[in-house]
Amino acid sequence: MVRKSCLPPQSQGASLTERCSVWCVLCSPSLPRLLCPASLIRCSSAEDFPSRHLCRSVCQDPGLRIHSEQHSIRHSFPPGASAVGVAGGPDLRVTLGCVCLGSVLVARPLGLCSQCSVEAELHPLLWSLPANVCSPLPGAAHKLVCYFTSWAQGRPSPASILPRDLDPFLCTHLIFAFASMNNNQIVAKDSQDEKITYPEFNKLKQRNRELRTLLSIGGWNFGTTRFTTMLSTLSSRERFIGSVVSLLRRHKFDGLDLFFLYPGLRGSPKSDRWTFLLLIEELLFAFQQEATLTMRPRLLLSAAVSGDPHIIQTAYDVRLLGRLLDFINVLSYDFHGSWEMFTGHNSPLFSLSGDPSSSAYAMNYWRKLGAPPEKLLMGFPTYGRTFRLLKTSKNGLQAKAVGPASPGKYTKQAGFLAYYEICSFLQRATKRWIDFQHVPYAYKGKEWVGYDDATSFSYKFGDCGHCCYIQNIPP
C-alpha cells in the first residue's frame, strides 16, 4: 500500500490512478541532472514497443504530462524536480529513485535511499518486508522453486506421485505443471484437476504457511498456436487475464507461471516477442489492481525461459522481462540429448570456450543482457538424458551415438531417465566425472547417461552464489 503518493511531497494532491504503459522514475532535486534529464523523452513507439498504449512523457519543470490513446493525465512537480518516463526500448538509466508502475509503488533497492523524494512502503507481499523504499522487489529473496508435473500421478507404483506425497518444506515455491487453454481462457488440463488435484496441491500450505504455489501454463507439448491466438488482440488477452485471476483465486494459487516455448519460434510469429511482453505487462497491472481492490497479497508472475542464446535473442526483450516479472526460471538443461549424434551432458555447469551450452553461460548471458541477478533462477534438472553408443569401447564425452538408450521402467520415455531410475542404472554401471563441466555421467554396455547428483548440484549452487535457483521435477 502506498503511504504517500508516488510524487514529491509538494505534489500530494495529484494521483496516478489511470493506466498508461509508462514507468515513472521520480528523482530528487539533489540528484545529478545527468540522471534526471529535463528533456523530451520518447518512452515508447510502434518501432521499439508496439503497444496499444503509446505513451510520451515530457520531462520538464514544473510538470510532467503523460499522453496515451485512452487518456491524458497531468502531474505537477515542484520547481527543480524532474521525472523520466520509460517504457519499451529506452534503457532505464536512473540508478536512484522510486519506481512507479500504474498506480502502485514498487520500491527497488537503489542504494542511497536517503535521497529518494518519496517515503512509501511496498504493495503487500506474500511475506512481511520492512516498510521503506529500500525493501527489495518481489522476487529478490532466495528461492527454491520446484515444478510438480501432473502426469507423475499416472506412473506405475511406486513411482506414482500425488500432491500429498510432496514434502511442503522442501521448496519455497511449488509450481503445478500444467494448465491448458481453451477459447483464450486458462483451463484445467484434466477434469480431475479442479475437483481433486488443485485442492490437494494447495492443501500443502496448511502444513507450511510460508509455502507459495503457482500454476504454470504451456510446456513443450502445448506448442505455440494457442498462445499466438490469445496474444493477437487486446480483447483476447483481456479474456485470458480475467480467466487467470478467477482460476487462481478460486483454487487458492499464489501466482501464474508462463511456460511459453518460444515466442517467435516453433511456428510462433516474430510479433509474439512483443505481444508476449504486452500480456505480461497487462497481467501485472491486473494483479496489482485486483490486490488493491481485495486487500489480498498480489498474485506472483513468473516465466520459464530458454537458456539458449539463439532462442533468447529471438524470443525475449530481457531488460523488460526483468523489470516486469517477479522471478525468471532459466531452463538451464536439455543442452544435449539423443537428438544429437554425439554424447553430451544434459546440464553441464561449464563448457569449453565459445560453447554456449552450459548453465553458467546461460545465467551470465541473461545477466549481461540486463536481467536483474536477484530475479534469475538457475535450472537444476532431477533427471538425465540418455544415448545409445555406436561402439561399446567408445564411451566418453562426445562419443558417437545412434539415438536414445532404453526407456526407464517407470517414466517409459526413450532418451530420458528420472533420478530414481538413474540410481538403479548406476548399480551396475561405470561412473565417470567430467572435470571441466563439473557433472557426472555413466555407461553400461552401449547405454550412456549424463545426469546430476548431490556433488554437481553443490558446484552449481556455489557458482550461482547469491542468486536463486529452480529445481525441475522430472517431466
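The values are calculated or read from the model by the stated rules, or taken from the named source; none is laboratory data. Just so it is clear, the structure is predicted and the values come from calculations on it, not from any experiment. For neighbour counting, all protein chains shown are included, and Cβ atoms are generated from backbone atoms with ideal geometry for every residue, glycine included.
Tell me, yes or no, whether region 225-242 has at least one residue that is over 19 Å from the mean Cα position of the chain (by Cα), assigned to a loop (DSSP other than H, G, I, E, B), among the hydroxyl-bearing types (Ser, Thr, Tyr) and farther than 20 Å from Ser302 by Cβ. The answer is yes; a qualifying residue exists.
The set of residues in region 265-288 that are buried (at least 20 other Cβ atoms within 10 Å of the Cβ) and outside any helix (DSSP H, G or I) contains only Ser268.
Part of a loop (DSSP other than H, G, I, E, B) and out of contact with any Ser or Thr (no Cβ under 9 Å at 6 or more places or on another chain) - does that describe any residue in region 313-328?
yes
Which count do you get for residues in region 288-302 that are under 26 Å from Leu331 (Cβ atoms) and either out of contact with any helix residue (DSSP H, G or I) (no Cβ under 7 Å at 6 or more places or on another chain) or free of Cβ contacts under 8 Å to residues at least 40 places away in the same chain (or both)? If you could, list the steps in order and put the result at the bottom.
Residues of region 288-302 under 26 Å from Leu331 (Cβ atoms): 298-302.
Of the ones still in play, those that are also either out of contact with any helix residue (DSSP H, G or I) (no Cβ under 7 Å at 6 or more places or on another chain) or free of Cβ contacts under 8 Å to residues at least 40 places away in the same chain (or both) are 300, 302.
Qualifying residue count for the region: 2.
Restricting region 170-187 to residues that are touching a Phe, Trp or Tyr at 6+ places or on another chain (Cβ under 7 Å) and of a type in the set (A, V, I, L, M), the residue that is surrounded by the most Cβ atoms within 10 Å (Cβ to Cβ) is Ile175.
For region 145-169, what are the residues that are buried (at least 16 other Cβ atoms within 10 Å of the Cβ) and over 26 Å from Glu210 (Cα atoms)? Don't jump to the end; show me each part of the working.
As a first pass, look at region 145-169 and keep what is buried (at least 16 other Cβ atoms within 10 Å of the Cβ): 145-150, 152-153, 155, 159, 161, 163, 166, 168.
Scanning region 145-169 gives Arg155, Ala159.
For region 411-433, check the following and say yes or no: at least one residue is part of a loop (DSSP other than H, G, I, E, B), aliphatic (A, V, I, L, M), under 25 Å from Asp326 (Cα atoms) and at pLDDT 95 or above. No, because not a single residue in region 411-433 is part of a loop (DSSP other than H, G, I, E, B), aliphatic (A, V, I, L, M), under 25 Å from Asp326 (Cα atoms) and at pLDDT 95 or above. Residues in region 160-194 that are out of contact with any helix residue (DSSP H, G or I) (no Cβ under 7 Å at 6 or more places or on another chain) and part of a loop (DSSP other than H, G, I, E, B) were compared, and the one that is modelled with the highest pLDDT is Asn183.
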